[in-house]
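Where a number appears in this text, it was derived from the coordinates with a stated rule and is not lab data. Predicted model, so just to flag it, every value in this text is computed and none were measured. As a convention, Cβ positions derive from the backbone with ideal geometry for all residues, glycine included, and neighbour counts pool all protein chains shown.
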Amino acid sequence: MSRYAVGVDLGGTKVEACLVDETRRVLARKRRPSEPGRGRERVVANILALVAETAGGAAYEAVGMGTPGTYSPADDIMYGAPHTPLYEKPGLVSRLRDGLSVPLAVENDANCLALAEFFAQCHGRFSTVMAVILGTGMGSGLILDGRLHRGPHGNAGEIGHTSVAIDGRPCECGRRGCGE
C-alpha cells in the first residue's frame with residue numbers, strides 16, 4: 001500500500017501544492033492565489049482547501065510547507081518576509097495546524113529547494129549544494145556536508161536582502177539597494 005504526503009509552497013502571490021508518494025513521485029499538482037491582502041483567515045482557508053483538493057481523497061500522512069522568510073515555532077511567526085507582511089504576524093501556522101489532521105512541517109522555501117535538489121539530484125555525488133530561488137522575492141538554501149545549514153539565526157545563505165547598490169532604491173526590509 002502506498003504512503004502519501006502533501007507538499008505546499010506558500011508564496012507572496014500564489015500557493016501551490018503537490019501530492020507525492022513514498023518514491024517522491026508527484027501524483028497531482030494544483031495552484032491558486034494565496035491572497036494575503038484578504039487576511040490571514042483567507043490564506044489559511046486557501047491552503048487547507050488546496051491541500052484537500054490536491055490530495056483528492058488520498059490518505060496523506062503529513063504536510064510539508066515551504067514559506068518565505070524564516071519560521072520561528074516559538075513565536076509562530078515567519079520573519080524576513082517583507083513582501084508579505086501578513087506572514088510576519090503570529091498565528092498563520094498554528095491555524096493551519098488546527099485545520100489539519102496530520103503533522104505539518106514548516107521550512108524556508110529556499111531551504112526546501114536545496115533539500116529537494118540534494119536528495120533528488122546530488123545525494124551520493126555532492127555533499128555541498130547551494131540552491132537559488134527567484135519568485136516574489138529571492139533567496140538561497142545551503143546544504144553543507146550533506147546537512148541543511150540554517151546558521152545561528154536561521155537565515156544562512158539568504159541573498160535577497162544583500163545590498164547590491166549602496167545608493168539603490170529603498171527596500172521594504174528597510175535597507176537600500178537589495179538584490180530583491
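Out of every Cα-Cα pair that segment 4-108 contains, those further apart than 20 angstrom amount to 31 percent. Taking a quarter of the surface of the Cα convex hull of the chain gives a mean projected area of 11.0 nm².
Couplings 3J(HN,Hα) of segment 100-111, computed from phi: 9, 9, 10, x, 10, 9, 10, 8, 4, 4, 5, 5 Hz, in residue order, whole Hz [Karplus 6.51 cos²θ - 1.76 cosθ + 1.60, θ = phi - 60°; x for Gly and Pro]. Karplus-based coupling profile of segment 30-43, in residue order and whole Hz: 9, 8, 7, x, 7, 6, x, x, 9, x, 4, 4, 5, 4, with θ = phi - 60° in 6.51 cos²θ - 1.76 cosθ + 1.60 and x standing for Gly or Pro.
With the simple model of a label 7 Å out from the Cα in the direction of the Cβ, Arg29 to Glu53 spans 1.6 nm. Taking every C-alpha pair closer than 8 Å and separated by at least 6 residues, the mean separation divided by the residue count of segment 4-108 gives a relative contact order of 27 percent. Across the chain, C-alpha contacts under 8 Å between residues 6 or more apart give a mean separation that, scaled by the residue count, equals a relative contact order of 15 percent.
May I ask you to derive the FRET efficiency for Leu144 and Cys173 from their Cβ-Cβ distance with R0 = 25 Å, giving the value to the nearest 0.05? Between Leu144 and Cys173 the formula returns 0.50.
Per-residue ellipticity at 222 nm, computed for the chain from helices alone with -39500 (n - 2.57) per DSSP H run of at least four residues, works out to -5500 deg cm²/dmol.
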